[in-house]
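Novice: I have a structure I would like to understand better, so I am pasting it below and will then ask my questions one at a time.
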Amino acid sequence: MGGSSLRVLIVGAGIAGLAVARALRMVGLRPDVTEKQPPSELADTGLYLPGNAARALRRLGLDGPVRPLGQLIHRQRFLDAAGDPLCEVDLGALWGGVGECRALPRAELHRVLLTGAGGAVRHGAEVRTVDLLPGGVGVTFVDGTTGEYDLLIGADGPRSSVRTLAALGGPPRPAGQVVYRAVLRGGPRVTEWTALLGQRASFLTIPIGGGRLYCYADEAGTDVPADPRARLRELFGGYGGPVPRVLDALTDVEVRAERTDEVELGRWYRGRVLLVGDAAHATAPTLAQGAAMALEDAVVLADALTKADTVEAALVAYESRRRPRTRWVRDRTRDRNRTRDVPPALRDPLLRGRGGRIFGEHYRLLVDPL
């Protein structure tokens, strides 16, 4: 279908939706992009992009605009709760020939993707109904306007309304973690990705350039606390390493807390409605693969639409290529999360002996080409 004039609607203008819009524009399509939220500045949070995300950005022609942003990350350091070393992962060796690892503010990547997607997003356009038609999809928006498309792409996150309206699945299920995020300016000096592992909780700090430090923490559970900052002090007040200085610096910083969700579906498309990104395969963020999987989805979908003779054949090809990788990420995420349930007295000696190899293995399949 190369060079076809397919009418495509992308619902959701986050990383997944904008990446798909960019990929489709590169193969000659001009999709409509809608977002139910009004235009606004994104929350001040950070993002870590492993090597496979960099490879996907190259395929999207966006590696150049991203290169000046954030900070390159060369090593992952794992410490125990006291701040003593457990193991390290050499990211250059792990992702050699694939791409560099980078940490940056999420809003900066979003701006690059928005420009790459053409910049036109219809905000405040929430979908009310989705009707599967012979050879197309009918859409009604909450403001009463309607449209008919050859392909509808739901890129609206783990709580996807498109997924529900197209009868592809219901609400996501809790992944069993509550996560905390904040960005510091003028905090302690941290030069590499540094995580402290405790009992059913961890605390991560990543430099994201410009003297900023992205702080991410998680704990087992599903209840989001009313006062995230107080909960962080309660959970991590006894930790070592950079954590005490981070906690001191959080006094005037917004700390966001949320429950993490998983999405696991029997299929990702129905008729000519397709789900991508977290709408199709959300996991806990333990492996930092959410953005990477969304970027890869975009590359593979555009390729499938270009090579297939029909939309239906393209959707079959897309899902068959993407499922093994997203399943790998889901399973390895669960594997790593299970290590947090092991008492540190048993876990930490194992990680000191083989941790670098174990954690590096979690990405083995993702080093392979798309």
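Novice: Could you pull out the GluC sites (Glu not before Pro) across segment 251-350 that fall in loop regions by DSSP (anything but H, G, I, E, B) with no more than 13 other Cβ atoms inside 10 Å? Let's see the in-between values first.
Specialist: Working: sites: GLU254, GLU258, GLU262, GLU264, GLU296, GLU312, GLU319; in loops: GLU254, GLU264.
Sparse-neighbourhood loop GluC sites (Glu not before Pro): GLU254.
Novice: Sort ASP303, ASP252, ASP335 by Cβ crowding within 10 Å, fewest neighbours at the top.
Specialist: Working: ASP303 18, ASP252 6, ASP335 14.
Fewest-to-most ranking of ASP303, ASP252, ASP335: ASP252, ASP335, ASP303.
Novice: Now, a different point. Contour minus end-to-end for THR129 and ARG67, with contour as 0.36 nm per residue of separation and end-to-end as the Cα-Cα distance?
Specialist: Numbers: separation 62, 0.36 × 62 = 22.32 nm, distance 4.03 nm.
Contour length minus Cα-Cα distance gives 18.3 nm.
Novice: Could you give the angle, 0 to 90 degrees to the nearest 10, between helix 290-307's Cα long axis and the longest principal axis of the Cα atoms of the chain?
Specialist: Computed tilt is about 30 degrees.
Novice: Follow-up question, since we're still on this one. As a footprinting exposure proxy, order VAL11, VAL253 by other Cβ within 10 Å, with the fewest listed first.
Specialist: Exposure proxy ranking, most exposed first: VAL253, VAL11.
Novice: Any idea what angle helix 311-338 forms with the longest principal axis of the chain, computed on alpha-carbon atoms, 0 to 90 degrees, nearest 10?
Specialist: 10 degrees
Novice: Which label marks the calculated value of Rg and Dmax of the Cα atoms in Å, given the options (i) 26.1, 87; (ii) 20.8, 70; (iii) 20.7, 62?
Specialist: From the options (i) 26.1, 87; (ii) 20.8, 70; (iii) 20.7, 62, the structure gives (iii).
Novice: For the chain, what is the mean residue ellipticity at 222 nm derived from helices alone (per DSSP H run of n ≥ 4: -39500 (n - 2.57); sum divided by total residues; nearest 500 deg cm²/dmol)?
Specialist: On the way: 13 runs with 133 residues, N = 370.
Here the helix-only value at 222 nm equals -10500 deg cm²/dmol.
Novice: Name all residues of segment 82-107 having a backbone nitrogen under 15 Å from the label point set 7 Å from the Cα of ARG75 along its Cα→Cβ direction, giving them as ranges.
Specialist: From segment 82-107, the list is 84-94.
Novice: Here's a follow-up. Charges only on Cβ, +1 for Lys and Arg, -1 for Asp and Glu: so what's the dipole of the chain about the Cα centre, in debye to the nearest 20?
Specialist: Values: 50 positive and 43 negative charges, 126 e Å.
Using Cβ point charges on Lys, Arg, Asp and Glu, the chain gives about 600 debye.
Novice: Work out how much length ARG122 to GLN199 would gain on full extension: take 0.36 nm times their residue separation and subtract the Cα-Cα distance, in nm to one decimal. Don't skip to the answer; put the middle values down first.
Specialist: On the way: separation 77, 0.36 × 77 = 27.72 nm, distance 4.50 nm.
Result for the pair: 23.2 nm of gain on full extension.
Novice: While we're on this one: At THR146 and ASP341, where each label point lies 7 Å from the Cα along Cα→Cβ, what is the point-to-point distance in nanometres?
Specialist: 5.0 nm
Novice: Give me the angle, in degrees from 0 to 90, between the Cα long axis of helix 344-361 and the longest principal axis of the Cα atoms of the chain, rounded to the nearest 10.
Specialist: Compared with the principal axis, the helix lies near 40 degrees.
Novice: Give me LEU49, LEU274 ranked fewest to most by other Cβ atoms within 10 Å of their Cβ, as a rough exposure proxy.
Specialist: Values: LEU49 25, LEU274 30.
Taking fewest neighbouring Cβ atoms as first place, the list is LEU49, LEU274.
Novice: Turning to a different aspect of this structure: Using the beta-carbon distance between ARG364 and SER5 and R0 = 41 Å, what value does 1/(1 + (r/R0)^6) give for FRET efficiency, to the nearest 0.05? Can you show the working numbers first?
Specialist: Values: r = 41 Å, r/R0 = 0.99.
Using R0 = 41 Å, I get an efficiency of 0.50.
Read-outs throughout are calculated quantities, based only on the coordinates presented, and are distinct from any laboratory measurement. Owing to the predicted nature of the structure, the values given are computational and were not obtained by experimental measurement. So basically every Cβ, Gly included, is an ideal-geometry build from the backbone, and we count neighbours across all protein chains shown.
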